[in-house]
Amino acid sequence: MSDAVKRTKRVSGSWWPIVLMAFGALLIGLAVNSALQPAELPYEKTFVEAQPDAYKAVALQDAGPGTPAVRKMELRTPGVRGVLATANVVTGADGRAVPLDWQNNVTEPVFFADLSENEVGQVLAAIRKHLPADAVVLSWWDLSRKIRFLAGRQAPLDDPEVRGLIVPNAWSEVADRVAASERAFWGEGVPQSDETKFTHFIDALSLDETKGSEALRTLAPGTDVYVAVHLSDIWKMAATRPDQIEIAYKDFPGSAQSHGVRKAALEWIREQKIDGPYAVELVGNAVRLHYLKSKNGADMLITKILPFSTSNPMRLDQLDLVYQHRGFWIYKLKTSSGA
């Protein structure tokens, strides 16, 4: 998201300029720290015990006997006041870190897009309720871990390379070092053999609907296959395949329910002569436009199964929509005969 327009935070009124300046100062400090210490990581992780109320929505008791310890992770930039991002993290039975939520506090997302525990809790509850016990769910590696651990369904995909993490532009000079550090943390416990299957998954999402669906079927032949995606997955795809898809966003502050804000956002699209597909997301008191910089990527499966202007998730040839909540979309993959 390096060239995305700086997003607005969820504030309004006279406090808006002050808060925006504070977030801007924090990001500037982040960048300066990166420049002054190119050989070091521009951030540090700290962990404390999480408060139970912070993750009660994800229903950890449904994960099986015993309640695993949940740690609150904070990302900080040394020498800069404030927290860059926070998350509640639990370690699954397989030893892999599972992010239960994610909250960014700066103008660019750090590694993951914002995701509340309430949103995660609702989609996991829906999977437990609506998907058969023997269902196989294909999804990005971080969501796959949540589904395996908390929803009790088969979600076989994972990635030792933890592809799709969003590295802020301010850290571009040390991006390789940052990626290596996060790969060591999030990729711990993941067999290297999982990389091939996850690459196949990414390849399938980059194809058109027909070819991509056929490719997904080969990952779990002979069983009911579901595909779970989140709107932020389009950013993960762009981070993983920048040569195939370019995406950016712009926020329009105001009442999220205001017709005027939506109208202004669409007028901006026309004024900028953006001819690629776009998706509208409500973020607090703002409307966020995610838009592809060109028509490249408009026919990709990942775009078709997300609510972009050139797609219709309700009327796909190869997938049936079974559940949708906020940024989450879950489909059942039809058989090759279309049944």
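The values are calculated or read from the model by the stated rules, or taken from the named source; none is laboratory data. Quantities reported herein were computed from a predicted structural model and do not represent experimental measurements. Heads up, the Cβs are rebuilt from the backbone with ideal geometry, glycines too, and the neighbour counts pull from every protein chain shown.
Would you call Ala298 of a type outside the set (Lys, Arg), in contact with a Gly (Cβ under 8 Å, 6 or more places away or on another chain), under 15 Å from Ala238 (Cα atoms) and at pLDDT below 95?
Here the answer is yes, as Ala298 does meet what is asked.
Specify the residue that is surrounded by the fewest Cβ atoms within 10 Å (Cβ to Cβ); the eligible residues are those in the range 318-337 that are among the hydroxyl-bearing types (Ser, Thr, Tyr) and part of a loop (DSSP other than H, G, I, E, B).
Ser337
For the range 189-196, state whether one or more residues are under 17 Å from Leu157 (Cβ atoms), surrounded by fewer than 19 Cβ atoms within 10 Å (Cβ to Cβ) and free of Cβ contacts under 8 Å to residues at least 24 places away in the same chain.
yes
Return yes when Ala248 is small (Gly, Ala, Ser) and modelled with pLDDT of 90 or more and no when it is not.
yes
Residue-wise test of (1) among the hydrophobic types (A, V, I, L, M, F, W, C); (2) modelled with pLDDT of 90 or more.
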| residue | (1), (2) |
| --- | --- |
| Pro242 | no, yes |
| Ser255 | no, no |
| His259 | no, no |
| Leu266 | yes, no |
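Can you tell me which residue is nearest to Gly297 (Cα to Cα) among those in the range 160-211 that are in a loop (DSSP other than H, G, I, E, B) and out of contact with any Lys or Arg (no Cβ under 9 Å at 6 or more places or on another chain)?
Filtering first and then ranking leaves Leu207.
Keeping to the range 215-236, report how many residues are surrounded by fewer than 22 Cβ atoms within 10 Å (Cβ to Cβ), touching a residue at least 40 places away in the same chain (Cβ under 8 Å) and of a type in the set (Ser, Thr, Tyr).
Adding up the residues that qualify gives 1.
Kindly establish whether Ala57 is in contact with a helix residue (DSSP H, G or I) (Cβ under 6 Å, 6 or more places away or on another chain), surrounded by 11 or more Cβ atoms within 10 Å (Cβ to Cβ), modelled with pLDDT under 85 and of a type in the set (A, V, I, L, M).
Yes; evaluated as a whole, the condition is true for this residue.
Please find, within the range 159-170, the residue that is modelled with the lowest pLDDT out of those that are surrounded by fewer than 23 Cβ atoms within 10 Å (Cβ to Cβ) and not basic (Lys, Arg).
Asn169
Scan the range 91-113 and report the pairs whose first residue is closer than 24 Å to Ile247 by Cα and whose second residue is of a type in the set (Ser, Thr, Tyr), with Cβ atoms within less than 7 Å and a gap of 6+ or a chain change.
The qualifying pairs are Asp101/Ser116; Gln103/Thr86; Ala113/Ser232.
Looking only at residues that are farther than 21 Å from Leu321 by Cβ and not hydrophobic (A, V, I, L, M, F, W, C) in the range 135-153, which one is farthest from the chain's Cα centre (by Cα)?
In this case the residue turns out to be Gly152.
Looking at the range 153-174, can you tell me whether even one residue there is basic (Lys, Arg) and without any contact (Cβ under 8 Å) to a residue 24 or more places away in the chain?
Scanning the range 153-174, I find no residue that is basic (Lys, Arg) and without any contact (Cβ under 8 Å) to a residue 24 or more places away in the chain, so the answer is no.
Just checking, does the range 117-124 include any residue being within 13 Å of the chain's Cα centre (by Cα) and buried (at least 22 other Cβ atoms within 10 Å of the Cβ)?
Within the range 117-124 (the criterion being within 13 Å of the chain's Cα centre (by Cα) and buried (at least 22 other Cβ atoms within 10 Å of the Cβ)), the answer is yes, since at least one residue qualifies.
Among Asp94, Asp62, which is the only one that is part of a helix (DSSP H, G or I) and modelled with pLDDT of 55 or more?
Testing whether each residue is part of a helix (DSSP H, G or I) and modelled with pLDDT of 55 or more leaves just Asp62.
Looking only at the range 147-159, count every residue that is assigned to a helix (DSSP H, G or I) and in contact with a strand residue (DSSP E or B) (Cβ under 6 Å, 6 or more places away or on another chain) and tell me the total.
2
Filter the range 263-299 down to the residues that are among the basic types (Lys, Arg) and surrounded by fewer than 18 Cβ atoms within 10 Å (Cβ to Cβ), then identify the one that is nearest to Asn312 (Cα to Cα).
Checked the range 263-299; the qualifying residue nearest to Asn312 (Cα to Cα) is Lys295.
If Ser181 meets every condition in (1) within 18 Å of the chain's Cα centre (by Cα); (2) of a type outside the set (A, V, I, L, M); (3) modelled with pLDDT of 95 or more apart from one, which number is that one?
Single failed check for Ser181: (1).
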